[in-house]
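I have placed the structure first, in the form of structure tokens, so that the comments after it can refer back to it.
The values are calculated or read from the model by the stated rules, or taken from the named source; none is laboratory data. This is a predicted model, so every value here is computed, not measured. Cβ sites come from the backbone with ideal geometry, for glycine too, and all protein chains shown count toward neighbours.
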């Protein structure tokens, strides 16, 4: 029997005392400082990038000569070096969209510490609600138990925990377990139909079968008003701060409250995306989406002094709306969920899907007005929801695949099925 291993991540909230929070904060700031030292060491060398051996020797020397470098565990320091080298590899890879590695700022960097070796964690389940884990130089701490980890509990999924990463957000420190589950056999081919999905702003997800997947605002009315008040308050506090002076404690507290509200909105968005993508992966065998270049879509329209942009504020609002929908994360979740169920996600070229009539193939930008599409071809005259029309076009374009993950045979069989809306 063929055995496969499936890598996944699981996030859990840590229950830390104030003293342990201070220890982890110190480790994370040391990891950030180590990244900056590595970047300075590599970029100021003449003619070539420093080798891994040179960087490792520099780290060992720094840990001997600088007292506060000892706050970071040795394995975590090696993980910083590995991540830094990978950042350069991504930058030199033409197919990767990564930018050139830069220095990390104190207030704009997400605090994180790696625990690369699983043997240091010693994960145990304490009771129904809590588990316990050992963190280097922190000790034994509890974490919120929300699902069984591979190889940890009796009767749980087979596999093992391969490592972890500690990450701090507006709600405090969390642990992200890296797990590897053992899958005895490949999943059977999904028996469901295929579907095309159009991602939008007015309608979050429009399907080619005529249905929609929508959501309300991520923040309630009172939370939105409070966020607006806090943003105005932070603007007044910044205006009153002398130029060149660090942020006051009051301004820092205002920033923390703003970050917490935005974190609440993000958690609700991720929760909706998980529930929606799970339902779609359970229902459909092949999911066809557009191959959108989201990074290019959300570029600023400011322009330059010689050629200033137009409608800059409107474009900024559109960029915020696109970013808030997190279209890329939706596809990422769909890819691994459909693959686990024997399905497939197919990406097709994006141009023209919203301006073309799915019935007669006539293309005219004037046919779309807001959310309504009315074909201007006298021999057709189809009218309906513009996003549904785009979703059907996306589904019909499955023969011009840009990329796909899963069983390509399932894509071909699903392509033979007619769209569910005429």
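At-a-glance table
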{"item": "Strands (runs of 3 or more DSSP E) fully within the stretch 146-257 counting 2 or more residues that are out of contact with any helix residue (DSSP H, G or I) (no Cβ under 8 Å at 6 or more places or on another chain)", "result": "159-169, 172-183"}
{"item": "Lone qualifier among 152, 115 - being over 24 Å from the mean Cα position of the chain (by Cα) and crowded, with 18+ Cβ neighbours inside 10 Å", "result": "152"}
{"item": "Residues satisfying the stated conditions in the stretch 12-55, i.e. surrounded by 14 or more Cβ atoms within 10 Å (Cβ to Cβ) and touching a helix residue (DSSP H, G or I) at 6+ places or on another chain (Cβ under 6 Å)", "result": "26, 27, 30, 31, 34, 35, 38, 41, 50, 55"}
{"item": "Failed item, numbered, when residue 378 is tested on (1) crowded, with 17+ Cβ neighbours inside 10 Å; (2) in a loop (DSSP other than H, G, I, E, B)", "result": "(1)"}
{"item": "In the stretch 101-122, the residues that are in contact with a helix residue (DSSP H, G or I) (Cβ under 6 Å, 6 or more places away or on another chain), at pLDDT 90 or above and in a loop (DSSP other than H, G, I, E, B)", "result": "101, 103, 104, 111, 116"}
{"item": "Qualifying position, being without any contact (Cβ under 8 Å) to a residue 24 or more places away in the chain, in a helix (DSSP H, G or I) and either closer than 17 Å to residue 198 by Cβ or out of contact with any strand residue (DSSP E or B) (no Cβ under 6 Å at 6 or more places or on another chain) (or both), among 295, 323, 332", "result": "332"}
{"item": "Matching entry among 208, 243, 234 (being over 26 Å from the mean Cα position of the chain (by Cα) and in contact (Cβ under 8 Å) with a residue 24 or more places away in the chain)", "result": "234"}
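Let's see how each residue does on (1) over 23 Å from the mean Cα position of the chain (by Cα); (2) surrounded by fewer than 18 Cβ atoms within 10 Å (Cβ to Cβ):
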| site | (1), (2) |
| --- | --- |
| 178 | no, no |
| 185 | yes, yes |
| 191 | yes, yes |
| 198 | no, no |
| 219 | no, yes |
